[in-house]
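Engineer: Submitted below is the structure of interest, expressed as structure tokens.
The values are calculated or read from the model by the stated rules, or taken from the named source; none is laboratory data. Remember, predicted model here, so these are calculated numbers, not experimental data. Every residue, glycine among them, receives a Cβ derived from its backbone with ideal geometry; neighbour counts consider all protein chains shown. Just so you know, the surface numbers come from the protein's heavy atoms only, side chains and all, with ligands and any DNA or RNA stripped out. Shrake-Rupley method; radii C 1.70, N 1.55, O 1.52, S 1.80 Å.
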Amino acid sequence: MSVKGFDIAIVGGGVIGLALARTLVREGARVAVFDAAEAGGGAIPSASHAAAGMLAPSFEYGELPAALSQALYRFGARGLALWREYAAALEEETGLFIDYRPDGMLAVAYGENDSAPLEVQASMVSALGGAAKMISGDEARVLEPALSEAVIAALHAPQDAQVDPRRLVKALKASLAEKKTPSFAVRLARVDRKDAGYELVGANGERFEADKVVLAAGAVSGLVPMGLVYPVKGAAVAIAVKDGLLSRVVRAPGAYLCPKADGRLVIGATEEIGRDDLEVEPAAVTGLRTNGVKAVPALAGAPEIERWAGLRPGTPDGAPILGQDGEGRFLALGHYRNGILHAPAAAEAMAALILGREAPVDIAPFGLGRFGPAQHG
Ligand SMILES: Cc1cc2nc3c(=O)[nH]c(=O)nc-3n(C[C@H](O)[C@H](O)[C@H](O)COP(=O)(O)OP(=O)(O)OC[C@H]3O[C@@H](n4cnc5c(N)ncnc54)[C@H](O)[C@@H]3O)c2cc1C
């Protein structure tokens, strides 16, 4: 089979590919989405299905070199700023609830060792114009009465938010379906230059053509040079709690707690570099739950709803890869722990790049060239 006539083929129907497709379709482009999450024989899982949905630029970037750290913070902050209207518009357009909650975050500390890095983080975020400040344990318990007495201090990021990633993906798919955007459940084996465009070849020999191609294919696509993007496995668990036990995301040493609709509380997540399986070890769940109970004792004994694992798309320096490769293919890869946060900003920036417009946020720091000249090709 050969299907022609697409302006833009997006490889990957996770949150990054879907959000970009929606933005491009609204700009009038003829887009097709190729996704292997439900491809018969050789399906590739989507990290977006596994995410907790925190929208939290205030917590992540202490570990990177300063310039990249700041660029990443600004990109995340752009995502957070876009999210409020993005969520409202998507819900209105599709009639689907995505559980967007702009209720802020608390990162709690039990002692000096935990609070010192939070203080550094709070001053870095403040210096970059974000909202994050240290508060005492008592002040934290005023915000979240269920917090343990063992909490001595917390970083409060009042503008951070969260969304339900599974509801989000469903809404993005509904938006594209409503616009009759073609979507193919196909695992692609190759994406090659052909004439002025590209040929996409499926694992079962299917052939497609497009003028432009975007790789938004997550952690284990087989389409990106080895080592550039790799899986960082994360396990999580959801438990049933009484509504209102927590009203915002709480991050504690060894676990974060995300209250969702319907009394569901997501506790995440482990991090294992290089693992590409989805097995959830009992010890991982026990560890997450123990760390969660230490922060919020009332979680003890809460019934489990579900446990799962997903594969974050990691990169060598922890920042995403946005731009083009030497073959002219557009890249929207490697969003690691923050793909849900980044999605509206990545869609906005990549759509601008693809359509030849100026992006509101500079994505040059996230280009492939930062890994050395060999990676341009
Ligand atoms: C446990 C856990 C918790 C997380 N929590 C958060 C959080 O709180 N906040 C946050 O912002 N982020 C979080 N993340 C990270 C977030 O999930 C990812 O950054 C994001 O989902 C990446 O989206 P993506 O679209 O790039 O990749 P994916 O969602 O993985 O989508 C890629 C898609 O590409 C398809 N694909 C791959 N190869 C091919 C191929 N060869 N042919 C066709 N299709 C292909 C796959 O089938 C897949 O559906 C978390 C991740 C995990 C695992």
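Engineer: Does LEU278 satisfy the condition of being open to solvent by 30 Å² or more (accessible area, probe 1.4 Å), among the aliphatic types (A, V, I, L, M), within 12 Å of the ligand (Cβ to nearest atom) and not in a strand (DSSP E or B)?
Structural biologist: Working: open to solvent by 30 Å² or more (accessible area, probe 1.4 Å): yes; among the aliphatic types (A, V, I, L, M): yes; within 12 Å of the ligand (Cβ to nearest atom): yes; not in a strand (DSSP E or B): yes.
Considered against the rule, which asks whether it is open to solvent by 30 Å² or more (accessible area, probe 1.4 Å), among the aliphatic types (A, V, I, L, M), within 12 Å of the ligand (Cβ to nearest atom) and not in a strand (DSSP E or B), LEU278 comes out as yes.
Engineer: Out of LEU333, LEU322, LEU353, LEU341, which single residue is in the same structural domain as ARG22 (by TED's automatic domain parsing) and without any contact (Cβ under 8 Å) to a residue 40 or more places away in the chain?
Structural biologist: On the way: LEU333 fails: without any contact (Cβ under 8 Å) to a residue 40 or more places away in the chain; LEU322 fails: without any contact (Cβ under 8 Å) to a residue 40 or more places away in the chain; LEU341 fails: without any contact (Cβ under 8 Å) to a residue 40 or more places away in the chain.
Of the residues listed, the single one that is in the same structural domain as ARG22 (by TED's automatic domain parsing) and without any contact (Cβ under 8 Å) to a residue 40 or more places away in the chain is LEU353.
Engineer: Additional query: Only one residue in ALA81, ALA127, ALA171 is assigned by TED's automatic domain parsing to the domain that holds ALA19 and either more than 30 Å from PHE371 (Cα to Cα) or out of contact with any His (no Cβ under 9 Å at 6 or more places or on another chain) (or both), so which one is that?
Structural biologist: On the way: ALA81 fails: assigned by TED's automatic domain parsing to the domain that holds ALA19; ALA127 fails: assigned by TED's automatic domain parsing to the domain that holds ALA19.
Answer to the check: ALA171.
One line per residue, one yes/no per condition, for (1) closer than 20 Å to ALA309 by Cβ; (2) of a type outside the set (D, E, K, R):
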site	(1), (2)
ILE16	yes, yes
VAL31	no, yes
GLU38	yes, no
ILE44	yes, yes
LEU55	no, yes
PHE59	no, yes
ALA71	no, yes
PHE75	no, yes
TRP83	no, yes
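Engineer: Which of the residues spanning segment 227-240 are assigned to a strand (DSSP E or B) and either more than 30 Å from GLY367 (Cβ to Cβ) or more than 8 Å from the ligand (Cβ to nearest atom) (or both)?
Structural biologist: First, the residues of segment 227-240 that are assigned to a strand (DSSP E or B): 230-240.
TYR230, PRO231, ALA235, ALA236, VAL237, ALA238, ILE239, ALA240 - these are the residues of segment 227-240 that are assigned to a strand (DSSP E or B) and either more than 30 Å from GLY367 (Cβ to Cβ) or more than 8 Å from the ligand (Cβ to nearest atom) (or both).
Engineer: Could you please tell me which pairs satisfy a Cβ distance under 8 Å, a separation of 6+ or placement on different chains, a first residue in segment 215-226 that is more than 7 Å from the ligand (Cβ to nearest atom), and a second residue that is small (Gly, Ala, Ser) and in a loop (DSSP other than H, G, I, E, B)?
Structural biologist: Listed pairs, sorted by first residue: LEU215/GLY12; LEU215/SER221; VAL224/ALA217.
Engineer: Have a look at LEU311, LEU288, LEU322 and point out the one that is assigned to a helix (DSSP H, G or I) and either among the small types (Gly, Ala, Ser) or surrounded by 22 or more Cβ atoms within 10 Å (Cβ to Cβ) (or both). Talk me through it step by step, then tell me what you get.
Structural biologist: Working: LEU311 fails: assigned to a helix (DSSP H, G or I); LEU322 fails: assigned to a helix (DSSP H, G or I).
None of the other options fit; the residue is LEU288.
Engineer: Right, next: Here is a list of conditions, (1) over 24 Å from LEU106 (Cβ atoms); (2) open to solvent by 50 Å² or more (accessible area, probe 1.4 Å); (3) touching a helix residue (DSSP H, G or I) at 6+ places or on another chain (Cβ under 8 Å), and ALA300 meets all of them except one; can you say which number that is?
Structural biologist: Of (1) over 24 Å from LEU106 (Cβ atoms); (2) open to solvent by 50 Å² or more (accessible area, probe 1.4 Å); (3) touching a helix residue (DSSP H, G or I) at 6+ places or on another chain (Cβ under 8 Å), only one is false for ALA300: (1).
Engineer: Right, here's the next one. Filter segment 19-37 down to the residues that are near the ligand (Cβ under 8 Å from one of its atoms) and open to solvent by 30 Å² or more (accessible area, probe 1.4 Å) and list them by number.
Structural biologist: Answer for segment 19-37, where residues must be near the ligand (Cβ under 8 Å from one of its atoms) and open to solvent by 30 Å² or more (accessible area, probe 1.4 Å): ASP35, ALA37.
Engineer: Sticking with this structure for a sec: Filter segment 174-204 for residues that are more than 13 Å from GLY12 (Cβ to Cβ) and within 12 Å of the ligand (Cβ to nearest atom) and give the result.
Structural biologist: ALA189, ARG190, VAL201, GLY202, ALA203, ASN204
Engineer: Right, something else. Would you pick out the residues in segment 5-18 that are within 13 Å of the ligand (Cβ to nearest atom) and on the phi < 0 side of the Ramachandran plot?
Structural biologist: Our first condition is that a residue be within 13 Å of the ligand (Cβ to nearest atom); within segment 5-18, this holds for 9-18.
Within segment 5-18, ALA9, ILE10, VAL11, GLY13, GLY14, VAL15, ILE16, GLY17, LEU18 qualify.
Engineer: Hey, which of the strands (runs of 3 or more DSSP E) in segment 125-225, taking only ones fully inside, have at least 2 residues that are crowded, with 23+ Cβ neighbours inside 10 Å and within 21 Å of the chain's Cα centre (by Cα)? Write out each step before concluding.
Structural biologist: Numbers: elements: 133-136, 153-157, 183-185, 188-194, 197-202, 207-215.
Answer list for segment 125-225: 207-215.
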